[in-house]
Amino acid sequence: MDTLSIEGTPKTPTVRFNGSKGIIEIKGRSIPENSIEFYKPLVEWLEAYAKESKPQTQVNIQLEYFNTSSSKCILDVFKKLEAIQKANQGVTINWFYDEDDEDMLEAGQDYESIIRIPFKMIEVVG
């Protein structure tokens, strides 16, 4: 399984999807010009990964900020992960947020209430 790697920009997050290790990371800001276009390869990669997923997949999400159109695309990513979880594969989502960022904590809690995967809320102190 190929690794999907996208370097972050001021408007798009850094993406590291490592299928051989079962580690998925999205980090940074997500305010792309076209969210659907940016997230499409991520969703497609997850569809391929679902066919040969590892017994345990670790997902690390550490976003500083994301816009409304990104939030829908992030939900699509989580829905693909939920399908992997339903196939009796373990999925853990680590949702990182800055200690003074209540909005990002609430965003993680909102996703957790929609998706049937346990989230681990991790406060970043700094």
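Quick note: the coordinates plus some simple rules give every number you see, no bench work behind them. Because the structure is a prediction, the values reported are computed rather than measured. Heads up, the Cβs are rebuilt from the backbone with ideal geometry, glycines too, and the neighbour counts pull from every protein chain shown.
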Which is the longest stretch in the chain that no exposed loop site breaks, taking sites as trypsin sites (Lys or Arg not before Pro) with a DSSP loop state and at most 16 other Cβ atoms within 10 Å? 22-115
Which far-off residues, 5 or more places away or on another chain, put their amide H under 5 Å from the one on S53, with H placed in the peptide plane? none
³J(HN,Hα) across the range 106-112 via Karplus (A = 6.51, B = -1.76, C = 1.60, θ = phi - 60°), whole Hz, x for Gly/Pro? 5, 4, x, 5, 4, 4, 4
Thinking of the chain as a set of Cα atoms, what percent of all their pairs are more than 18 Å apart? 49
Considering only DSSP states other than H, G, I, E and B, which GluC sites (Glu not before Pro) in the range 1-77 qualify as loop sites with at most 16 other Cβ atoms within 10 Å? E7, E33, E52
Take the alpha-carbon positions of the range 52-126, form their convex hull, and give its projected area averaged over all directions (one quarter of the hull surface) in nm². 5.0
Percentage relative contact order, the chain, counting C-alpha pairs under 8 Å, at least six apart: 21
For the residues T3, T57, what sequence is obtained by ranking on other C-beta atoms within 10 Å, fewest first? T3, T57
5 Å is the cut-off here: which amide hydrogens, built 1.01 Å from N in the peptide plane, fall below it relative to G8, excluding neighbours closer than 5 in sequence? T14, V15
Treat each spin label as a single point 7 Å out from the Cα along the C-beta direction, and report the T68 to I36 distance in nm. 1.6
Given only helices, namely DSSP H runs of n ≥ 4 each adding -39500 (n - 2.57), what is the per-residue ellipticity at 222 nm of the chain, to the nearest 500 deg cm²/dmol? -13000 deg cm²/dmol
Please get the size of the charge dipole for the range 4-124, origin at its Cα centre, with Cβ charges of +1 on Lys and Arg and -1 on Asp and Glu, quoted in debye to the nearest 20. 780
